[in-house]
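The values are calculated or read from the model by the stated rules, or taken from the named source; none is laboratory data. Because the structure is predicted, anything quoted here is derived from the model rather than measured. Methodologically, a virtual Cβ is constructed for each residue, glycine included, from the backbone with ideal geometry; neighbour enumeration extends over all protein chains shown. These area figures cover heavy atoms from the full protein model, side chains too; ligands, DNA and RNA do not enter into them. Shrake-Rupley method; radii C 1.70, N 1.55, O 1.52, S 1.80 Å.
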Amino acid sequence: MKLLENKIALVTGATRGIGRGIAIKFAEHGCHVAFTYMSSESKAIELENELIQFGVKAKAYKADAADFSMAEKVIDEIVKEWGSVDILVNNAGITKDGLLMRMTEAQFDEVIRANLKSVFNYTKAAQKIMLKNRSGSIINISSVVGIKGNAGQSNYAASKAGIIGFTKSIALELGSRNIRCNAIAPGFIETEMTHALDQKVIDQWRQSIPLKRGGTPEDIANACLFLASDMSSYITGQCINVCGGMLT
Ligand code: NAP
């Protein structure tokens, strides 16, 4: 059964990892998918072609998620060309790790802008059409690190905790208009972001997880599919941990 037949979604940061997994899962379920990326031009074209194979429309936008006016432009263009945005997945994110002692102001600001301000930018831009439609599902990708903290990631943890507060507030603001807003907190998901880590650290992570493996982009995409579809029509303001039991 296709759960998102003829819906229109925007996924930010979809050329790699989790975002790419979400875009493919949505297309498998009949959803037209627009997506953004920062610099991976050839991967964006590759993904567009892959999505079209599912018989849906696909379009890539090169757009820094931290750029407020660019977010408005992207949403306006999708609405102009495809008529709506029914589902927004705020996935784009970066890390610039370091202990506070060594963290620069630029490292802090960059992560907050890319991870948290981006969520404000796209949610604000998308709410106009969702309010008009009296319908919408917004899914924000947070992290378990935003719930429990992590040494060496104070900037990242602050951005991800901020996303949860933002999500809950938007759920309260827009619930009466049938617009739902939820967050997902992935645990250790094996993507390019985590492959930058030492192999020994990756093995230690796997061993410390109750399900004894890192997660896959598809694990997160399945949770997104649920939150995007009518299967979750009575769920808003929640943060779902998809972490193999890291948080209990
Ligand atoms: P990833 O493999 O590094 O991919 C990041 C994606 O975001 C890429 O498509 C990248 O585009 C795009 N991107 C980065 N900065 C952007 C910006 N300013 N504007 C637009 N696009 C931007 O990351 P991932 O592991 O899939 O993570 C995806 C999300 O899940 C992030 O929010 C991350 O914090 C969160 N998360 C990940 C894990 C994990 O274990 N992997 C755990 C918890 C939460 P380019 O290819 O063009 O650079």
Checklist entry - Sorted by packing (mean other beta-carbon atoms within 10 Å per residue), highest first, where do 126-137, 190-201, 7-18 land? => result 7-18, 126-137, 190-201
Next on the checklist: In Å, what Kirkwood hydrodynamic radius results for segment 1-146 from the alpha-carbon pair distances?
Outcome noted: 15.5
Checklist outcome for this item: Any residue on another chain or 5+ positions along whose placed amide H is under 5 Å from the amide H of Ile189 is listed here as Gly215
Next on the checklist: How large is the Kirkwood hydrodynamic radius of the chain, counting all unique pairs of alpha carbons, in Å?
Outcome noted: 18.0
Checklist entry - Sorting Tyr122, Tyr156 by accessible area (1.4 Å probe), largest first, what list results? => result Tyr156, Tyr122
Next on the checklist: Heavy atoms of the protein only, probe of 1.4 Å, neighbouring chains included. What is the accessible area of Ile170 in Å², nearest 10?
Outcome noted: 20
Checklist outcome for this item: Once amide hydrogens are built 1.01 Å from N within the peptide plane, the residues lying 5 or more places from Val11 or on another chain with amide H under 5 Å from its amide H are Ala34, Phe35, Thr36, Val89
Checklist entry - Within the chain, which DSSP H helices have Cα atoms that stretch 27 Å or more along the helix axis and a mean Kyte-Doolittle hydropathy of at least 0.0? => result 154-174
Checklist entry - Which percent of the accessible heavy-atom area of segment 81-147 goes to carbon and sulfur, probe 1.4 angstrom? => result 55
Checklist entry - Under the rule of -39500 (n - 2.57) per DSSP H run of 4 or more residues, summed and divided by the residues of the chain, what mean residue ellipticity at 222 nm is obtained, to the nearest 500 deg cm²/dmol? => result -14000 deg cm²/dmol
Checklist entry - Ignoring ligands, DNA and RNA, what accessible area per residue does segment 8-238 give at 1.4 Å, in Å²? => result 46
Checklist entry - Of the cross-linked pairs Lys25/Lys57; Lys96/Lys117; Lys124/Lys160; Lys80/Lys160; Lys96/Lys212, which ones have a Cα-Cα span greater than 23 Å in the structure shown? => result Lys80/Lys160; Lys96/Lys212
